[in-house]
Amino acid sequence: MIYTDQTKKTVFITARVFLLATDYADYNLINKTMKLAKANIYGPDKNPAIGNSSSGERTMMLETARQEIDNTALLLKLLESTNEEILDIAPTKDLEDIRRLGPDLREQLNHKLKIMNANWLDYNRLFTIPNK
């Protein structure tokens, strides 16, 4: 695919907005997790009633985590779809900062996906599992 300067600019802006939205989602996920963990300090009900359905908190947490996984996978797909520079990536790890992503961004995103998927069942330690 041949990119014009305008197309490159549009893709760059779109990727940056997506990245900012993903960062905001990360912050929200951490915030929600902390609030829910504090609110649910006793963990799941050890003997839930038959027909127990998912709590609103559990549903919200699972939906938020799933969105985070999907956003990360989508960003990774976007980055891997081209060799064009669509994000301002630091040439070395030393130049990475809060506004400039490191050269190992793809590896970091893959690592994040592996961790989130490997720990998906951890939510069962916080919330009662529906049994209907």
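The values are calculated or read from the model by the stated rules, or taken from the named source; none is laboratory data. As the structure is a computational prediction, the values presented were derived from the model and not from experiment. In this analysis, Cβ positions are derived from the backbone assuming ideal geometry, glycine residues included, and neighbour counts consider all displayed protein chains.
Here are the numbers for this structure:
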quantity: Subset of segment 89-101 [surrounded by 12 or more Cβ atoms within 10 Å (Cβ to Cβ) and out of contact with any strand residue (DSSP E or B) (no Cβ under 7 Å at 6 or more places or on another chain)]; calculated: E96, R100
quantity: Only listed residue being at pLDDT below 75 and either touching a helix residue (DSSP H, G or I) at 6+ places or on another chain (Cβ under 7 Å) or closer than 26 Å to P130 by Cα (or both), chosen from T7, T33; calculated: T33
quantity: Residues of segment 102-127 satisfying the condition of being over 14 Å from the mean Cα position of the chain (by Cα) and loosely packed, with under 12 Cβ neighbours inside 10 Å; calculated: E107, L121, D122, R125
quantity: Residues (of a type in the set (D, E, K, R) and not in a helix (DSSP H, G or I)) located in segment 73-132; calculated: E84, E85, D88, E96, D97, R99, R100, D104, K132
quantity: Filter result for N52 (more than 25 Å from K114 (Cβ to Cβ) and either modelled with pLDDT of 70 or more or surrounded by 11 or more Cβ atoms within 10 Å (Cβ to Cβ) (or both)); calculated: yes
quantity: Residue list for segment 89-104, filter: in contact with a Leu (Cβ under 7 Å, 6 or more places away or on another chain) and not small (G, A, S); calculated: I89, L101
